[in-house]
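Read through the structure below, which is laid out as C-alpha cells, and then see the notes.
No value in this document is a laboratory result; all are computed from the given coordinates. Treat the numbers as computed from the prediction; the structure is a model and nothing was measured. Backbone-built Cβ (ideal geometry, glycine too); neighbour counts: all protein chains shown.
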Amino acid sequence: MPIASDVLSLIGSTPMIRLRAASEATGCEILGKAEFLNPGGSVKDRTARGMILDARASGALRPGGAIVEGTAGNTGIGLALVGAALGHPVVIVMPRSQTEEKKQAVRLHGARLIEVDPAPFASPNHFVHFSRRLAEELNETEPNGAWYADQFDNTANRRAHIETTGPEIWEQTGGRIDGFASAAGSGGTLAGVSQFLKSKNPDLRVALADPPGAALYSWFTEGVLKGEGSSVTEGIGVNRITGNLEGLAVDHAFRIEDAETLSVIFDLAKHEGLTLGPSSGVNVAGAIRLARELGPGHTIATLLCDHGQRYAGKIYNPAFLRSKGFDVPAWLEGA
Ligand code: PMP
C-alpha cells in the first residue's frame, strides 16, 4: 500500500461490504460502502475536501482564510480536518440538538464550535442563516478573509460524489449494479452518485429513502414539499430543493419510519459487526425496499455514512430510546 502524503489522500477509496441479512432476505446482493472508514469518520469528508479544493482553486478561499459552515456535524468534522491539514482556521455552527460526540469531534480537530438553538429554516436563527451571516462578518475581520462553504447549495459538494463515490461504486461492482438507494441531507450524495451511475447505465434505478419530517418523499411522489413528523435520525431529511438536488429525478421514493431504521441498524450491529449511525439505517432500509421492487437477482448499493459510536448517547442509549417510545434490544440493555 502506498504511503499517503497527507490526510486528504486518505479520504475516499472506501471498501464495500455485502450486507448478509439484507441480501438473504431479498435474494439480491445488497452492498454497503463503508464511508465510516473515512479519516473524519463519515461520507462528508469527501464533500469537505471537494468544496475546499474547489474554493482554493477559484480564489474564493484564500491561503490562510477562514472556513465557516453550518452543519449537523459531519460536514463540520470533515471541514475541520481538511482545513487543519491545509492551514485554514475553521468555524463550525451546529444546532445544540446534535450529538455531543459530533460536537466533540469538531473541537478535537481544532475547529471553533458555535452551538445555536434549533430553529425552523424560515427563521433567521436557523443554523444555515446564522453561519452565512457569521461568514460575512468574519470576512471583514479575519486577516485572510472568510469563505462560507454552503454545502447545501454549493455544487462542488455534488461534484465530489460525481468524481469519487460514483466511480468507486462502478469500479467496485465491475459495473454489475442495478440500483442505488440513499437518504438526502444536502442531497450531494444522492444527486452526485445517481448522476454518475446513470451516465454509465441509464437503466439503473435510483431510490430516495426519506425519514419522517423530510419533504423529498412527498416532492417525488406528489410534487409538493411536505415535511410531517419528526425523526431521531441526524444529518438527513431536507425540506427544500437544495442547489445540489436541482434537476434530480428518482425512480422510487420510500419513507422509512424510525422504528424500521432502528431495527435495521440494531440487527447490523448485533449480527454483522457493523455499528452505524441512523442515516445508514435509512439507507439500508431503502436498499431493501428497492430490492423488493426490482425482485431477486439484482445488485443494489447504498452508503454506510458514519459510525454508531457517534450516537452512543442517543440511539444506542436505552434511556434515550425509552424516552422516545422505542423498543430497546435486550443486548443493548445489558451493554
Ligand atoms: N448521513 C450522515 C450521517 C450525514 O451527516 C449526512 C450529511 N449531513 C448525510 C447522511 C447526507 O449526505 P448528503 O448531505 O450528501 O445528502
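Given contacts defined as C-alpha pairs under 8 Å and at least six residues apart, what's the relative contact order of the stretch 253-335, whole-number percent?
It rounds to 26 percent for the stretch 253-335.
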- Query: Roughly how tilted is helix 127-141, in degrees to the nearest 10 and between 0 and 90, from the longest Cα axis of the chain?
  - Reply: 30 degrees
- So who's got an amide H within less than 5 Å of the one on residue 256, skipping anything under 5 residues away but keeping other chains? H placed 1.01 Å off N, in plane. 210
- Message: Give the separation of the Cα centroids, the stretch 1-27 to the stretch 198-258, in Å.
- Response: 24 Å
- Cα-Cα pairs in the stretch 167-316 separated by more than 17 Å, as a whole percent of all pairs, come to 59 percent
- Would you mind ranking 51, 94, 16, 1 so that the residue whose beta carbon has the fewest other beta carbons within 10 Å leads the list? 1, 16, 94, 51
- Note on the structure: Mean separation of Cα contacts under 8 Å (at least 6 apart) over the residue count of the chain, i.e. the relative contact order in percent, is 19 percent
- Query: Please state the Cα pair-distance histogram of the chain with 10 angstrom bins from zero: what percent is in each bin?
  - Reply: 6, 27, 36, 23, 7, 1
- In degrees, nearest ten, helix 44-58 long axis to first principal axis of the chain (Cα): 40 degrees
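Would you please name the trypsin sites (Lys or Arg not before Pro) within the stretch 170-258 that are DSSP coil residues with at most 15 other C-beta atoms within 10 Å of their C-beta?
When the trypsin sites (Lys or Arg not before Pro) of the stretch 170-258 are filtered for loop state and at most 15 Cβ neighbours within 10 Å, 176, 226, 240 remain.
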- Selection from 138, 125, 104 lying farthest towards where the dipole of the stretch 97-144 points positive, charges on Cβ: 104
- Task: Determine the calculated [θ] at 222 nm for the chain from helices alone, applying -39500 (n - 2.57) to every DSSP H run no shorter than 4 residues and normalising by the residue count; nearest 500 deg cm²/dmol.
- Result: -11500 deg cm²/dmol
- Message: Once the convex hull of the alpha carbons of the stretch 259-306 is built, what does its volume come to per residue, in cubic angstrom?
- Response: 71 Å³
- Query: With a sphere of radius 13 Å drawn around the Cβ of residue 169, what net charge do the other residues whose Cβ falls strictly inside it have (Lys, Arg +1; Asp, Glu -1)?
  - Reply: -1
- With charges set only on the Cβ (+1 for Lys and Arg, -1 for Asp and Glu), what does the dipole of the stretch 72-155 come to about its Cα centre, in debye to the nearest 20? 220 debye
- Item | Surface/4 estimate of mean projected area, convex hull on alpha-carbon atoms of the stretch 78-208, nm² | 9.6 nm²
- Message: Based on alpha-carbon atoms only, what is the radius of gyration of the stretch 170-244 relative to the globular estimate 2.2 N^0.38 Å?
- Response: 1.18
- Query: How many angstrom separate the Cα center of the stretch 68-141 from the Cα center of the stretch 42-59?
  - Reply: 15 Å
- Query: So how do 24, 69 line up by other beta-carbon neighbours within 10 Å, fewest first?
  - Reply: 24, 69
